[in-house]
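Below is one structure, written out as C-alpha cells; comments come after it.
The values are calculated or read from the model by the stated rules, or taken from the named source; none is laboratory data. Because the structure is a prediction, the values reported are computed rather than measured. Methodologically, a virtual Cβ is constructed for each residue, glycine included, from the backbone with ideal geometry; neighbour enumeration extends over all protein chains shown. In case anyone asks, the SASA skips ligands and DNA or RNA and just uses the protein heavy atoms, side chains included. Shrake-Rupley method; radii C 1.70, N 1.55, O 1.52, S 1.80 Å.
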Amino acid sequence: MASLSTSPLTSRPPTPAGGSRTRMLAVSREVLITVAVVAAVLLWMGPSLYRQDLVFLAATYSLIALGMYVPFVLAGSLSMAYSAYAAIGAYAVALISVRTGLSMWWGWILGALAAAAVAVLLSLATQKLSGFYLAAVTLLFGIAFEHWLIDGPSFTGGSAGISGVETVTMFGWEPPRYALVVFAILFVCLIAVAVDRLRKSVWGLMLQAARDNRNVARSSGVNPAHLTVVALAIGAAIASTGGSLFTVSVQAVTPETFTLSIVFLAIFMPIIGGRGSAWGAPLGALIVVIVTLNMPGYQGSGELLLAGAVLVILIVAPGGVIGWSQNVLGRMNRLYKERGNR
C-alpha cells in the first residue's frame, strides 16, 4: 500500500539547483498566465461600462467558485452554504463602512474571519454528514441565513439592505472605475494562483488523498475530518471576499443579492473551466457571465444555453475547457514529434 512517505516525489528529491529552476519556471508560468488573463479581459471589456459591470460580476462569481473549489474539488465536501459566506463578506463591508465610520477595508478582513468561523462551526455540527445529507443541511442553512437577514436584527436593514457604502480609497487616492476593474481582475488572479499552489502543496495532496481514500489517509496518520474543516474555513474566507468585492462595486447590498442560485452556478463553474486547475473556476465564471448575460440574441434564454453547454462539456470534455485544451495541445505535440521522427 503506497503512502506519501514512499512516493517517487519524496524518494528522489530534486537537487537544489533543479528545484530552484522548477520553482522559477512555475512562477514564470503563473505570471504569464496572469498577464494573459488580464490583457484578454481588458481587451474584451474596453471602455464599455456595461462590460465593466459584467467583469465585476464575473470577479465576484470567480471568488465564490474558488472558495467552493477548495472543499468541493480538493476535499470532496459539497457544502451549499456559500451564499451565506458571500453575504457575510458583503454585509461586513457595508456595516463597517456605514455604521462605524471605519475604513471599509476592515470589512474585508472581519468578513473573511467571520465567514471562516461560521464555516468551522457548521462543519463541526455536520461532520457526521456527507453527500446528499450534507448538501441538504447546508442548503437549509443558506436559506435560513437569507431569511435572518430580512427578518433579523435591525442593523441588517431588513429587505431594503444597506446602501451608501463609501467609495474605494487607497491611501487617500480614489481610483476611477476602470482602475477598480483592473484591481478586481488582479485580485482574482492572485487568489487563483494561491489556490492552485495550495492544490499542489503537500497539504493539498494530503487533502486529495483523504478525499479519494479516507481509510488510507487515516492509516498514514492523517485526520480527514480536520483537513476538511480547514478546507471549509479557507473556502468560506475566499467566498466572503467575493461578497465584499460586489458590495464595493455597487456600494450597496440586499438580502436578495446572494441567493442559492449563485451557489448552483458556482458548482458548475469549475466543471466548465476544468477541475484539474484552480484557474478553471474563474474561467468558468467568465463563461457563465458571458453566456447568461452577454450572448447576443439570447439574453432571455441564457440559463438554458448554460445548461446545454454544461451538458455538452460533461459528455464531450469531462476535463472542462482547460482539460480539453491540454488534450488538443498534447495531440498536436505528438503529431509534430511523429512527423519530425519521419
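Residue by residue, here is whether (1) in a helix (DSSP H, G or I); (2) open to solvent by 50 Å² or more (accessible area, probe 1.4 Å); (3) at pLDDT 90 or above holds:
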| site | (1), (2), (3) |
| --- | --- |
| G89 | yes, no, yes |
| A94 | yes, no, yes |
| V168 | no, no, no |
| L190 | yes, yes, yes |
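Among the listed residues V37, V70, V27, identify the single one that is at pLDDT below 75 and not hydroxyl-bearing (S, T, Y). Steps first, answer last, please.
Values: V37 fails: at pLDDT below 75; V70 fails: at pLDDT below 75.
Every option except V27 fails the conditions.
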All positions within region 257-294 that are part of a helix (DSSP H, G or I), open to solvent by 20 Å² or more (accessible area, probe 1.4 Å), within 12 Å of G319 (Cα to Cα) and touching a residue at least 60 places away in the same chain (Cβ under 8 Å): none
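Looking at L198, L186, which is the one that is touching a helix residue (DSSP H, G or I) at 6+ places or on another chain (Cβ under 6 Å), part of a helix (DSSP H, G or I), within 21 Å of S28 (Cα to Cα) and open to solvent by 20 Å² or more (accessible area, probe 1.4 Å)? Show your work before the answer.
Details: L186 fails: touching a helix residue (DSSP H, G or I) at 6+ places or on another chain (Cβ under 6 Å).
Of L198, L186, the one residue that is touching a helix residue (DSSP H, G or I) at 6+ places or on another chain (Cβ under 6 Å), part of a helix (DSSP H, G or I), within 21 Å of S28 (Cα to Cα) and open to solvent by 20 Å² or more (accessible area, probe 1.4 Å) is L198.
For region 314-342, which residues satisfy the criterion of being polar (S, T, N, Q) and closer than 13 Å to R275 by Cβ?
The first filter runs over region 314-342 and keeps only residues polar (S, T, N, Q), leaving 325-327, 333, 341.
Answer for region 314-342, where residues must be polar (S, T, N, Q) and closer than 13 Å to R275 by Cβ: just Q326.
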Failed condition for A40, given (1) over 20 Å from the mean Cα position of the chain (by Cα); (2) exposed (fewer than 15 other Cβ atoms within 10 Å of the Cβ): (1)
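Determine whether region 60-75 contains at least one residue that is surrounded by fewer than 19 Cβ atoms within 10 Å (Cβ to Cβ) and either in contact (Cβ under 8 Å) with a residue 12 or more places away in the chain or more than 17 Å from A225 (Cα to Cα) (or both). If you could, list the steps in order and put the result at the bottom.
Within region 60-75, the first condition is being surrounded by fewer than 19 Cβ atoms within 10 Å (Cβ to Cβ), and the residues that meet it are none.
Checked against the condition, which is being surrounded by fewer than 19 Cβ atoms within 10 Å (Cβ to Cβ) and either in contact (Cβ under 8 Å) with a residue 12 or more places away in the chain or more than 17 Å from A225 (Cα to Cα) (or both), region 60-75 yields no hits at all.
Being surrounded by fewer than 19 Cβ atoms within 10 Å (Cβ to Cβ), touching a residue at least 12 places away in the same chain (Cβ under 8 Å) and of a type in the set (F, W, Y) is the requirement here; does Y133 meet it? If you could, list the steps in order and put the result at the bottom.
Details: surrounded by fewer than 19 Cβ atoms within 10 Å (Cβ to Cβ): yes; touching a residue at least 12 places away in the same chain (Cβ under 8 Å): no; of a type in the set (F, W, Y): yes.
No.
Let's see how each residue does on (1) open to solvent by 80 Å² or more (accessible area, probe 1.4 Å); (2) part of a helix (DSSP H, G or I); (3) among the basic types (K, R):
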| position | (1), (2), (3) |
| --- | --- |
| R99 | yes, yes, yes |
| L110 | yes, yes, no |
| A117 | no, yes, no |
| T138 | no, yes, no |
| G142 | no, yes, no |
| H147 | yes, yes, no |
| I150 | no, yes, no |
Unique residue being at pLDDT below 90 and in contact with a strand residue (DSSP E or B) (Cβ under 9 Å, 6 or more places away or on another chain) when the list is R12, R99: R99
